[in-house]
1. Where in chain A are the DSSP H helices whose C-alpha atoms run 27 Å or more along the long axis and whose mean Kyte hydropathy is at least -0.5?
2. Any chance you could run the full-extension gain for A:N87 through A:I68? It's 0.36 nm times the residue separation minus the Cα-Cα distance, nm to one decimal.
3. About the Cα centre of chain A, what is the dipole size in debye to 20, counting +1 per Lys and Arg Cβ and -1 per Asp and Glu Cβ, all else neutral?
4. Given a 1.4 Å probe, how much area per residue of the protein assembly as shown is accessible, in Å²?
5. Calculate the translational D of region B:173-320 in whole µm² s⁻¹ from Stokes-Einstein, where the hydrodynamic radius comes from the Kirkwood formula applied to all Cα pairs, the temperature is 25 °C and the viscosity 0.890 mPa s.
6. I'd like to know which of B:T128, B:V58, B:Q92 lies farthest towards the positive end of the charge dipole of region B:54-166, counting +1 on Cβ of Lys and Arg and -1 on Cβ of Asp and Glu.
7. Figure the gain on full extension for A:M54 and A:I172 (residue separation times 0.36 nm, minus the Cα-Cα span) and round it to one decimal in nm.
8. Can you give the Rg to Rh ratio for chain B, taking only C-alpha atoms and Rh from Kirkwood?
Amino acid sequence: MSDIMSDVLGLVDIPLEEFGVLGKDEYVSEVVNRPSVGYWKDAWRRLRKNKLAMIGLCIIIIYTIMAIIGPWMTSFSYRTNYLMETNIRPNAQHWFGTDVLGRDLWARVWVGARISLFIGLVAALVQTFLGILIGGVAGYFGGNLDLVIMRIVDILSGIPFLIFVILIMMVIGSGLFPIIITFAITGWLGMARLVRGQVLQLKEQDFMTAAKAMGASSSRLILKHLIPNMSGVIIVTLTMRIPQAIFTEAFLSYIGLGVKPPMTSWGQLANAGGQVMQVHPYQLLIPAFFISTMMLALQLFGDGLRDALDPKLRK
Amino acid sequence: MNNFEKLVEINNIKKYFSMSRGRILKAVDDVSFYINKGETLGLVGESGCGKTTLGRVVNRIYQQTEGQVIFEGKDISHYSKKDYKGITREMQMIFQDPYTSLDARMTTGEIIAEGMVIHNLYKQKDRTNRVFELLNLVGLNKEHINRFPHEFSGGQRQRIGIARALAIEPKFIVCDEPISALDVSVQSQIVNLLMRLQREFGLTYLFIAHDLSMVKHISDRVAVMYLGSVVELTESNDLYKNPLHPYTQSLLSAIPIADPILSANRQRMLLQGEVPSPINTPPGCKFKNRCPHASGDCSEEAPILREVSPGHFVACHLVN
């Protein structure tokens, strides 16, 4: 048999002495090829690959910068009436034209952007903070406390938003600050429900039990384990809340409950433009363009962020 | 065995969960045993028989409904939160599912060091060295310290879980089905790792599993549970050679044999019926509706665990 094999393979008998041990790697168990990357760094790397999300992020950054420097780029003030120059179309002097009262629209758009973005950001942050606090307490401690808090949430969410707004504005007047308070009071409900659900789901997981069995205190469990594990959901909801708040402010301005003129916001500009839409369409189209692109940008960015923060989507 | 050698002792532990409409689920019903220092007690039984609940009562994650847990001679059944923290240094746990037992947002290093941070052991710099030491001990590399759990395989994750449990140098570890979620080839690695660590550090294990051949390999003594109660407890060789309780006999006859000829010729003992619900258990022996030898006595009185030969405990009326 072995003769046949060596014939077929063309092998000749090799004397045994020529075999030798060349050495073996016993202790090189595994070579690590990829450098270890932190969680946030990795999320950023994945976000950068998402083109739509990056376009959204660019728009958000450009609008934010313009809200800061925009009003200073022109010599016209957002509140001065140039009564000889009302309803002028966009030209070299007034880049976005002027409105019915002869105010420069370029300045007004970017001042309005300050108000809209500020309301959006602050309202979303306050809502998120309250939502995490109240929903987290309800979910973590559970029992009767959970029952009471969630029934209060149920009752509050049964009251229509507009009634809330009108009631609050009757008590503390209208303007920027009351708007933010109204948003804060009404907006945390959904966030609280979301956070409570997340906490209920996470607190039964083995890694929580493991930390408890290790003697971790409640504050450690919440700060080190619960909140980081909810951060993806929270951040995404936060980015979705910002356009929602901007939009609601626009709606309130539309029905005359927003900020008071001559201060303005994107919603108010669209409202004013809508009234002269048939003769001077640019007065509606310009603020409408900024509102819609900002909405789109925030939604795209929020979407991309959700995908980037989910470790399971990592390649 | 004198009292001094017992590390953990549980007496008449009951753990009831109240369900809706006033029903009560008896997850663990009157269980007593002890574990000696340096010993491994295997705990076997089918799904839902209360193994995990019992493990968590011993580890003080659940508060028992009734009964006593004694650790190193001290009754720890009613420890406050403050005292509990001290106990966590002595007792640790290894979990069944390596995918949920590690926090996905923490690096390996943070996970392993967590116990040291909580108990304020070592200085900052020494902790990192200690983590390296632990990684090496469980067969992982230094480079793994900054990686996240989802970058590891199941077996590697379980090694991280073991390193985490060892970090604060406990005396006693509850292994809650540490191998059942792993591939067979990895199972033996983990079991051998656990056995090596036991030899090196003189650990005591409560090893919960449903793989009988694995349990035989690692355990000194084995307790068989059925529906919240221990039905048989003896040394592991004795149990496999001479099972006395009909439930143990049927469990053992279900172990696959690698030899086809032996396998074809053996008498298998198949059980009829289903496990009764632990919510409304009928009086008498819990096993009576599935037991091939059940007689009138069995439906009247619940059998208690008694010593039939030295070190061999059985809860059955029919064994003399």
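The values are calculated or read from the model by the stated rules, or taken from the named source; none is laboratory data. Note that the structure is a prediction, hence the values are computed from the model and not measured. Every residue, glycine among them, receives a Cβ derived from its backbone with ideal geometry; neighbour counts consider all protein chains shown. Only protein heavy atoms, including side chains, enter the accessible area calculation; ligands, DNA and RNA are left aside. Shrake-Rupley method; radii C 1.70, N 1.55, O 1.52, S 1.80 Å.
1. A:51-73, A:105-141, A:176-203, A:227-254, A:282-309
2. Answer, rounded to one decimal: 4.3 nm.
3. The dipole magnitude comes to about 1700 debye.
4. 51 Å²
5. 144 µm²/s
6. B:T128
7. 38.4 nm
8. Rounded to two decimals, Rg/Rh equals 0.99.
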